[in-house]
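In what follows, a structure is listed as structure tokens, so that the remarks can point back to it.
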Amino acid sequence: MQKRFVTIWFRYLKTDWYCRRHPGLLHLPFVLTEQDHGRMIITAVNPHAYQLGIVVGMVLADARAIVPSLKYFDDVPGLSPKLLRSIAEWYICFSPIVGIDLPDGIIIDATGCTHLLKGDRPYLDSIVSRLKQMGYNVNAAMADTIGKAWALAHFGDQRSIINCDTELTAFLFLPVAGLRLEDESIKRLDKLGLRKIRDILSMPRSVLRRRFGNHLLMRLDQALGQQEEVIHPVQPGEPYSERLPCLEPITTATGIEIALKKLLELLCSRLQQEGKGIRKLIFKGYRVDGNIQAIDIGTNCASSNVHHLFKLFEIKISSIEPALGIEVFTLEAPKVQKIHSTQEKCWNETSGLENPELIKLLDRVSNKLGANNIHRFLPVEHHWPERSVKIADSFNEKMTTQWSTDKQRPIYLLQNPELIWVTAPIPDYPPMLFRYQNKLHKVQKADGPERIEKEWWIEEGQHRDYYAVEDEEGKRYWLFRSGHYSEKSYQWFIHGFFA
């Protein structure tokens with residue numbers, strides 16, 4: 001398969017973005033500036049200012065002497081990378097591999113993608129037309145290497161395409177600046193009369209290396225396809241994902257459901273062949289206006305059941321706003337697990353956590369109420385109560401130790417003990433009164449103390465003396481004193497509540 005790359009050059013990236021926010025500036029010359037050693041330096045110009053002779057790097061006072069009516073605004077630090085990243089993330093709908101080319105470009109690996117829009121020319125035209133609708137002035141080019149596409153976008157026609165080696169002439173007659181060289185190298189080449197790329201090809205490589213170093217040869221080899229150039233995508237592709245482009249933009253909930261079912265069938269079929277199931281799924285819709293709509297689900301156990309997964313998505317589909325239409329759908333599985341087959345017993349109904357119906361129910365509840373509202377806890381070998389339990393990664397995780405049932409423990413345990421005010425006789429008597437959340441509790445019954453030492457191999461600190469107490473209302477609490485009465489630093493805490 002022939003490689004195809006697209007480079008997009010935003011000639012007026014920041015000023016075009018400024019016009020989108022302030023439409024009144026669309027037909028007026030203006031610039032963006034920043035302060036440098038007491039002077040205001042122009043960092044970006046719009047097309048109207050450029051046509052009047054204003055360029056980047058010019059002092060603002062000199063520019064206003066040329067155009068007295070020139071408007072200027074403060075530049076926003078770090079604006080270009082943010083703009084390019086947001087645009088690149090949306091252009092994932094054209095290809096899963098999209099990277100940023102600072103300071104004002106985007107690179108797209110279109111290999112195997114152009115047929116979705118019936119060829120190279122419709123593919124490139126669609127990319128450019130979408131950006132122009134968004135208000136950006138761009139040049140774009142397509143070629144079999146990133147170097148050729150970059151040179152054509154910056155120094156060729158507005159929408160250039162190199163289809164085969166016979167059209168290599170268009171690239172060779174471009175300026176040497178099209179090789180993405182440093183300014184110093186370009187100036188030295190110009191002094192030597194090497195102004196076109198074809199002039200460099202006639203020079204011995206040993207001479208070029210001696211005069212200009214390896215950078216020039218590397219850029220030349222990358223452009224000619226003799227050395228690989230890697231794109232760093234803004235969103236690394238998930239190993240388990242599917243894409244569905246649409247012939248016409250989808251605007252109805254029914255159309256979204258059909259697209260989701262088709263993607264689920266494709267992805268689940270692939271995972272079933274590998275013996276894996278889904279733990280997390282992200283469904284995205286790329287709208288024609290550049291907006292990305294996304295919903296996600298999670299499962300407690302790995303699943304490749306299309307019907308079950310669709311039911312989890314179904315309650316969230318209404319949150320997708322298609323607006324003018326969605327043209328590309330993607331389904332990504334960032335978390336998958338192996339599915340362990342178990343022997344089913346037709347004469348004995350499966351119960352407990354192994355019951356598939358229970359797992360499906362918990363999946364529906366957790367996706368409706370939120371994944372953080374349902375947990376499974378496992379015991380851990382620690383003395384301190386708040387360290388003696390952990391949240392299980394999945395329902396399939398096995399216990400490494402058994403629950404301790406020989407000591408009384410509260411039903412609800414605070415993650416962090418809360419400080420309370422206590423009245424208690426000494427030494428080592430249970431509390432008589434304690435104040436919690438501005439309410440005074442009179443202790444009627446108490447049991448304790450139970451001493452729990454701090455784990456010295458983890459950290460040093462005071463021991464705890466725990467008491468189970470009951471107040472006048474019959475409510476039971478788990479309190480502890482940290483340290484000895486003889487120590488001035490001792491304090492009382494509430495740690496849990498009994499049923």
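What to note about this one:
- Normalised by the number of residues in the range 389-498, the mean separation of alpha-carbon contacts (under 8 Å, six or more apart) gives a relative contact order of 25 percent.
- 3J(HN,Hα) along the range 108-123, derived from phi through the Karplus expression 6.51 cos²θ - 1.76 cosθ + 1.60 where θ = phi - 60°, amounts to 10, 8, 9, 4, x, 10, 5, 5, 5, 10, 6, x, 5, 5, x, 5 Hz, with x in place of Gly and Pro.
- Leu84 accessible area, assembled protein chains, probe 1.4 Å, Å²: 0
- For Met432, residues with placed amide H under 5 Å, excluding near neighbours: Thr423, Ala424
- Residue-count net charge about Leu26 - beta-carbon cut-off 15 Å; Lys, Arg +1, Asp, Glu -1: +4
- With every protein chain in place, the range 1-126: carbon and sulfur % of accessible area (1.4 Å): 57
- Note on Thr400 and Lys280: with the Förster distance fixed at 22 Å, the Cβ-Cβ geometry gives a FRET efficiency of about 0.35.
- Net length gained if the chain between Glu472 and Leu369 were fully extended (0.36 nm per residue, minus Cα distance): 33.5 nm
- Here the label points at Arg188 and Arg376, each 7 Å from Cα along the C-beta direction, are separated by 6.6 nm in the simple model.
- For the range 43-48, backbone phi angles converted through the Karplus equation (6.51, -1.76, 1.60; θ = phi - 60°) give residue-by-residue couplings of 10, 7, 10, 9, x, 5 Hz, Gly and Pro being listed as x.
- Seen from Ile107, the other residues with C-beta closer than 10 Å to its C-beta sum to a net charge of -3, counting Lys and Arg as +1 and Asp and Glu as -1.
- The range 150-278, relative contact order in percent, only Cα pairs under 8 angstrom and at least six apart counted: 16
- Checking (1) 97, 70, 53; (2) 153, 46, 39; (3) 65, 55, 48 against Cα extents along the principal axes in Å calculated from these atoms, the matching label is (1).
- Lysines with Cα under 27 Å of Lys118, excluding same-chain neighbours fewer than 8 positions away: Lys3, Lys132, Lys148, Lys261, Lys262, Lys284
- Extension gain from Glu238 to Lys118, taking 0.36 nm per residue of separation minus the Cα-Cα distance: 40.6 nm
- Backbone phi angles across the range 247-263, fed through the Karplus curve with coefficients 6.51, -1.76 and 1.60 (θ = phi - 60°), yield HN-Hα couplings of 5, 10, x, 8, 10, 10, 5, 4, x, 5, 5, 4, 4, 5, 4, 5, 5 Hz in residue order; Gly and Pro are listed as x.
- Its Cα centre serving as origin, the chain has a Cβ charge dipole (Lys and Arg +1, Asp and Glu -1) of approximately 1080 debye.
- Only aspartates and glutamates eight or more places from Lys276 in sequence, or on another chain, were considered; those with a Cα closer than 20 Å are Glu238, Glu242, Glu265, Asp296, Glu332, Glu344, Glu354, Glu357, Asp363, Asp393, Glu397.
- Cut-off 13 Å between beta-carbons: net charge of the residues surrounding Leu369, Lys and Arg +1, Asp and Glu -1: +2
- The mean sequence distance of close C-alpha pairs (under 8 Å, at least 6 residues apart), as a share of the length of the chain, puts its relative contact order at 9 percent.
- Within straight-line cross-link reach of Lys407, lysines at Cα separation under 20 Å, skipping those fewer than 8 residues along the same chain: Lys390, Lys445, Lys454, Lys475
The values are calculated or read from the model by the stated rules, or taken from the named source; none is laboratory data. What you see is a predicted model, and the numbers here were worked out from it, not measured in a lab. Positions of Cβ are backbone-derived with ideal geometry, glycine not excepted, and every protein chain shown enters the neighbour counts. Please note that ligands, DNA and RNA were not included when accessible areas were found on the heavy atoms of the full protein model with its side chains. Shrake-Rupley method; radii C 1.70, N 1.55, O 1.52, S 1.80 Å.
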